[in-house]
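Asker: Input: one structure, supplied below.
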């Protein structure tokens with residue numbers, strides 16, 4: 001349920017970013033749109049696969065779906081946060097080549113593990129630092145909400161990392177993830193309030 | 001002119017304003033002037049040369065976002081379409097700025 005809510009918020013952010021891109025034709029906003037579409041899609045697939053396993057009464061034969069859902073969600077998040085990092089760094093590297101290189105990696109389904117979570121934490125911490133710099137310069141509430149959102153998402157993935165050691169952290173991870181997306185929703189509502 | 005070690009002129013580090021940014025800067029000036037801005041005000045406020053001011057004013061009028069009024073002195077005001085565009089742009093700018101992206 002939490003992932004479904006987060007997915008809807010991610011799609012709403014993507015929609016706003018698309019509106020912004022259509023108006024300004026600024027490529028960074030297109031990257032922002034694509035990254036949130038990917039995040040939303042990843043969350044949806046992960047939530048649906050978990051839902052199917054639950055519907056099947058946690059039948060052992062359906063357990064591989066957890067792996068499928070997580071793998072797709074991980075790859076979507078990896079691409080999404082990678083795109084956001086790219087947008088912040090503004091490197092002139094060939095993005096298509098990077099995407100093709102990633103696609104060449106053999107696709108293996110894997111369970112939630114420390115390595116994948118560490119990769120996402122690394123990307124998210126970078127984005128959180130960039131948004132904190134932006135907040136320190138702008139000092140406005142919207143920037144603070146975005147900074148808070150990415151900090152919360154980083155914490156969520158730290159909890160997901162800890163979950164690989166202790167299952168106790170799993171609900172905390174989902175709560176932190178949902179909180180991050182709710183902060184993004186608050187920012188969207190503030191931006192779109194009538195002037 | 002600042003040169004690099006090879007004696008070549010250094011590339012400018014400042015980003016040029018996009019056409020959209022210039023349009024919006026001009027429209028902000030008009031709005032700030034209570035919707036009755038003289039061309040000189042727009043010229044200084046949006047930091048433009050005279051030639052570019054004339055060109056962009058014509059383009060904005062053709063787009064229907066500003067209109068000329070006044071009998072003796074030329075005065076420009078935003079149309080309803082211009083006001084709506086500026087409101088939308090402000091939302092988009094605020095959204096992009098929250099992530100640290102500039103338009």
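Asker: Give me the inter-chain shielding for A:18-25: mean count of other chain Cβ atoms within 10 Å, whole number please.
Answerer: 5
Asker: For chain A, what does -39500 (n - 2.57) per DSSP helix run (n ≥ 4), summed and divided by total residues, give at 222 nm, in deg cm²/dmol to the nearest 500?
Answerer: The helix-only estimate for chain A comes to -28000 deg cm²/dmol at 222 nm.
Asker: If packing is taken as the mean number of other Cβ atoms within 10 Å per residue, what is the order of B:91-98, A:66-73, B:33-40, highest first?
Answerer: B:91-98, A:66-73, B:33-40
Asker: Got a sec? Which residues in segment A:1-37 would a label at residue A:119 touch, if it sits 7 Å along Cα→Cβ and we count backbone N under 11 Å?
Answerer: none
Asker: Dimensions of chain A along principal axes (Cα, Å, largest first)?
Answerer: 52, 37, 28
Asker: State, to one decimal in nm², a quarter of the convex hull surface area for the C-alpha atoms of segment A:112-195, i.e. the direction-averaged projected area.
Answerer: 5.6 nm²
Asker: Right, here's the next one. What spacing in nm lies between the two simple spin-label points modelled at residue B:54 and residue A:193, each 7 Å away from Cα in the Cβ direction?
Answerer: Each label point is offset 7 Å from its Cα along the Cβ direction, giving 4.6 nm.
Asker: Over all residues in A:187-193, what is the mean tally of Cβ atoms on other chains that come within 10 Å of each residue's Cβ?
Answerer: 3
Asker: So if we plug the beta-carbon distance of residue A:27 and residue A:4 into 1/(1 + (r/R0)^6) with R0 = 41 Å, what FRET efficiency do we get, rounded to 0.05?
Answerer: E between residue A:27 and residue A:4, to the nearest 0.05, is 0.85.
Asker: Follow-up question, since we're still on this one. Over the Cα atoms of segment A:155-195, what is the Rg over Rh ratio if Rh follows Kirkwood?
Answerer: We get a ratio of 1.27 for segment A:155-195.
Asker: If you take the alpha carbon radius of gyration of segment B:22-96 and divide it by 2.2 N^0.38 Å, what ratio comes out, to two decimals?
Answerer: 1.04
Asker: Take peptide B:83-93, look around each residue's Cβ out to 10 angstrom, count Cβ atoms belonging to other protein chains, and average those counts.
Answerer: For this peptide, the per-residue mean of nearby foreign Cβ atoms is 3.
Asker: What distance in nm lies between label points placed 7 Å from Cα along the C-beta direction at residue B:81 and residue A:175?
Answerer: My value for the distance between the label points is 5.3 nm.
Asker: If you don't mind, there's one more thing I want to ask. What order, most packed first, do the peptides A:129-141, B:43-55, A:150-162 have when packing is the mean number of other Cβ atoms within 10 Å of each residue?
Answerer: Top of the packing list down: A:150-162, A:129-141, B:43-55.
Asker: Another question, then. At 7 Å along the Cα-to-beta-carbon direction for both residue A:15 and residue A:164, put a label point, then send me their distance in nm to one decimal.
Answerer: 3.6 nm
Throughout, read-outs are computed from the coordinates displayed, never taken from laboratory work. Since this is a predicted model, take the numbers as computed values, not measurements. Cβ coordinates were reconstructed from backbone atoms using ideal geometry, including for glycine residues, and neighbour counts include every protein chain displayed.
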